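One structure is given below, encoded as structure tokens.
The values are calculated or read from the model by the stated rules, or taken from the named source; none is laboratory data. Bear in mind the structure is a predicted one, so any value in this text is a computation, not a measurement. Using ideal geometry, Cβ is built from the backbone for each residue, glycine included, and neighbour counts are taken over all protein chains shown.
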Amino acid sequence: MATDSTAPTPAVVAAGIVGAAATVAGKRLLSRVTRGRVGSTDAYNVAKVTISGAIQRERGRMSPLSGSRGAAADTIVEQIHAADDDAAVAALLIELNTPGGEVLPSDDIRRAAADFDGPTIAYATDTCASGGYWIASGCDELWARDVSLVGSIGVVGSRPNAAGLAEKLGISYEQFTAGAYKDAGVPLREIEADEREYLQSIVDGYYERFIETVSEGREMEPAAIRETEARIYLGSDAAEIGLVDELGTEQDVESRIGDLIDSDPVVQEFEPSRSLTERVGLAAERIAFAAGSGVANTVAGDAGEVDIELK
């Protein structure tokens, strides 16, 4: 039987399909890369910055559950500053879904929001706890859903205690220091009473600062904040005790922003600028997790480090 030598072979057809798919994917990726911080060229007057996941100084390891890396404070601050420098932006919307995180990164974001020249509204979606609430206290208003989780105005300090394990393994601890409390919190020996008191004083100091920050930002009495005892509340309950200003959907929030700027709100999400290599790498990591890789990733601090977080 004669064959048509000009007909494409299955291999050629397959290669063409792959090439077409790669071209489409490449165009989409190029579009995302070239758009920079802002997702479109349409007219807008409201900047939206999203804070999702644990708050930290830099991007952490990707979570195998959520496929996200947490909220990198420096990047978020950069986005808020970019919005503030954009002449088209009249208001800032900060969307929060975070359990909290590191103290100073949370405060950096709060300060950037407080310095924004225009109305600022924080909107709690699923969770706005601890460090997230610290950030929200720097905004003009805080909105939430009735079933959002809000609050947890408290501080956690922790240290591992591996003294028992070290003893079982025959490991002894010997360290040369200058200063009585230089090695306070080292996990290879039992903590002394005075060291525990010293470390607790640091946590207490952060807590007092947290109370003061929320009191000033939310115009609440410090005693009322202390009475929450770091509880987390449903949005409806948080609104009743003054931790939340209003309840509503994102559409309700946008309507409120429209009233504040006396104009129909057009929201534009401000996103971090990433290089082509970073975008491709992030996509590859997500694919790897979807395929079951990366499950063994762990996060650990330095030996002897006392971890203090808003959570």
Could you please let me know if Gly258 is part of a helix (DSSP H, G or I), modelled with pLDDT of 95 or more and not β-branched (Val, Ile, Thr)?
-> yes
If the Cβ limit is 7 Å and pairs must be 6+ apart or interchain, which residue in region 231-254 that is assigned to a loop (DSSP other than H, G, I, E, B) pairs with which residue that is at pLDDT 95 or above and β-branched (Val, Ile, Thr)?
-> Leu243/Val150; Val244/Val150
Within region 113-136, work out how many residues are crowded, with 24+ Cβ neighbours inside 10 Å, in contact with a Ser or Thr (Cβ under 8 Å, 6 or more places away or on another chain) and of a type in the set (Ser, Thr, Tyr).
-> 2
In region 43-64, which residue that is touching a Phe, Trp or Tyr at 6+ places or on another chain (Cβ under 9 Å) and modelled with pLDDT under 90 is surrounded by the most Cβ atoms within 10 Å (Cβ to Cβ)?
-> Met62
Going by the structure shown, is Ile121 touching a residue at least 40 places away in the same chain (Cβ under 8 Å), out of contact with any Cys (no Cβ under 7 Å at 6 or more places or on another chain), aliphatic (A, V, I, L, M) and closer than 30 Å to Ile225 by Cβ?
-> no
Residues Glu216, Glu195: which one is under 15 Å from Trp134 (Cα atoms) and surrounded by 11 or more Cβ atoms within 10 Å (Cβ to Cβ)?
-> Glu216
Region 97-158: strands (runs of 3 or more DSSP E) wholly inside it with 1 or more residues that are in contact with a strand residue (DSSP E or B) (Cβ under 6 Å, 6 or more places away or on another chain) and among the charged types (D, E, K, R) are 120-129, 141-144
What number of residues within region 190-223 are part of a helix (DSSP H, G or I) and more than 26 Å from Pro119 (Cα to Cα)?
-> 17
Does Ala82 fit the bill of being of a type in the set (Gly, Ala, Ser), within 27 Å of Glu254 (Cβ to Cβ), modelled with pLDDT of 95 or more and assigned to a helix (DSSP H, G or I)?
-> yes
